């Protein structure tokens, strides 16, 4: 059975480890959109500790709720500039930010209309950068779906193995942040780290 998951924004370490544990996945975008999930938010390690970044979306007034694939990004406020500056402030001094900077810069300087398209492109870019070999199916097929990966407050969150973080001396080790925290700190070792995590 093919595993399915809702595309998350700069997904967590646990989310990416789960993807790597599958031979093939399908991104599920036909669910009803829910607030307070990682569909449009992520967590990074800022100089002041954990920082949550959220992409504003357009909430259409309608008698029915929107499906994930219908949700558009709201560009009234320049969230892209805020998110990019936050990533720079958080990871400029990390070992591998400059190595990957040019790969992520375009995502914060060109506009994507749909949230799911943006998320999927980002996830595919991350998978490419870490050298992951996972088949991503574009057509809907019978799947077993894992929705817990995008719930902002899961009942139980696994503890990730320790790795060096930029501001650890100030705030300690922060668990299960965006996979970018891992990528900017471990670089080419990211794939091996993710494969260690048991789902």
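Data for the structure
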item	result
Cα gyration tensor shape for region 1-70, rounded if a/c is under 1.5, else prolate or oblate	oblate
Kirkwood estimate for the chain, i.e. one over the average of 1/r between Cα atoms, Å	17.3
Sequence of 94, 86 once ranked by neighbouring C-beta atoms within 10 Å, starting from the fewest	86, 94
Computed over the chain: relative contact order in percent, which uses C-alpha pairs under 8 Å that are six or more apart	38
Counting DSSP beta bridges with both ends in the chain, the antiparallel % (nearest 5)	55
Equivalent ellipsoid semi-axes, region 55-122, via Cα gyration tensor eigenvalues times 5, rooted, Å	29, 12, 9
Likely footprinting exposure, 186, 137, fewest C-beta neighbours within 10 Å first	137, 186
For 13, 44, order by how many other beta-carbon atoms lie within 10 Å, fewest first	44, 13
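Bear in mind that the values in this text are calculations on the coordinates, not laboratory data. Quick caveat, the model's predicted, so the values are computed rather than measured. Heads up, the Cβs are rebuilt from the backbone with ideal geometry, glycines too, and the neighbour counts pull from every protein chain shown.
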